[in-house]
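Structure record follows, encoded as C-alpha cells.
Each value in this text was obtained by applying a stated rule to the coordinates, not by laboratory testing. Note that this is a predicted model, so its numbers are computed, not measured. We place every Cβ from the backbone using ideal geometry, glycine too, and count neighbours over all the protein chains shown.
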Amino acid sequence: MLYLVLKLLHVVSVVLFLGNITTGLFWKAHADGTRDPRVIRATMEGLIGSDRWFTIPGVAAILVFGIATAVLGHYPILHTGWILWSLVLFAISGAAFMAKVAPLQHELAKLARAGAESGSLDWDAYHVLSRRWERWGAVALFTPAGSLVLMVLKPPLPVW
C-alpha cells in the first residue's frame, strides 16, 4: 500500500509541476498580447512567484516520491533505463531553468517594471529576451514531458 501511495504522490507532483510550467507559457503569451507593460510586469512577477511556490517544491516532491517509489518497488535506479534517462531529462530541465529561464524571467520582469513606471517598454530588448526565454522554456518544458513519456511507457533503454 505504501508503494501505491508514494506512486500516487509522485504522479500528482508531476501533474502539478508540468501544469504550472505549461500555464506559465499561456499567461506570458496572454500578457504579451496586451502590450501593456503593467500587465506584463504583473504576469512576470506572478510567474516568478509561481516558480518559488510550485515549480521548485514540485521538483523536490517529484524526486523524493519518485526515488522512494523506485526504492520501495526494488527498481535499481541507475540500472533501469527508463528511470535513468527520465532523471537525465529532468536534470537537463533543471539546468535550463536555473541557468537560463529563471534569470531571463527576472530580466523580463525588470524591463516590464521599468516600462510600467515610465509608460514605455523597450519592445526591442523585451522581444530579444522573450525569444530566449521561449527557447529555454521549451527545453525546460519538453524534457520533463519526455520524462513523463518514459515513465509511462517504460521502454527498454540502455544504461551504463
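List the helices (runs of 4 or more DSSP H) inside the range 46-145, counting only whole elements, that have at least 3 residues being exposed (fewer than 13 other Cβ atoms within 10 Å of the Cβ), more than 21 Å from the chain's Cα centre (by Cα) and of a type in the set (Gly, Ala, Ser). Let's see the steps before the verdict.
Details: elements: 56-72, 81-96, 102-118.
Where helices (runs of 4 or more DSSP H) fall fully within the range 46-145, none carries at least 3 residues being exposed (fewer than 13 other Cβ atoms within 10 Å of the Cβ), more than 21 Å from the chain's Cα centre (by Cα) and of a type in the set (Gly, Ala, Ser).
Looking only at the range 99-112, decide whether some residue is under 30 Å from LEU4 (Cα atoms) and in contact with a Pro (Cβ under 8 Å, 6 or more places away or on another chain).
At the first step, the residues of the range 99-112 found to be under 30 Å from LEU4 (Cα atoms) are none.
Within the range 99-112 (the criterion being under 30 Å from LEU4 (Cα atoms) and in contact with a Pro (Cβ under 8 Å, 6 or more places away or on another chain)), the answer is no, since none of the residues qualifies.
Being under 17 Å from VAL11 (Cβ atoms), out of contact with any His (no Cβ under 7 Å at 6 or more places or on another chain) and polar (S, T, N, Q) narrows it down to one residue among SER93, SER147; which is it?
Working: SER93 fails: under 17 Å from VAL11 (Cβ atoms).
Only one candidate qualifies: SER147.
I'm checking my understanding of the structure. Among residues of the range 147-160 that are touching a residue at least 60 places away in the same chain (Cβ under 8 Å) and assigned to a helix (DSSP H, G or I), which one is surrounded by the fewest Cβ atoms within 10 Å (Cβ to Cβ)?
LEU153
Being touching a Leu at 6+ places or on another chain (Cβ under 9 Å) and over 19 Å from THR143 (Cβ atoms), is that true of even one residue in the range 80-99?
No, the conditions are met nowhere in the range 80-99.
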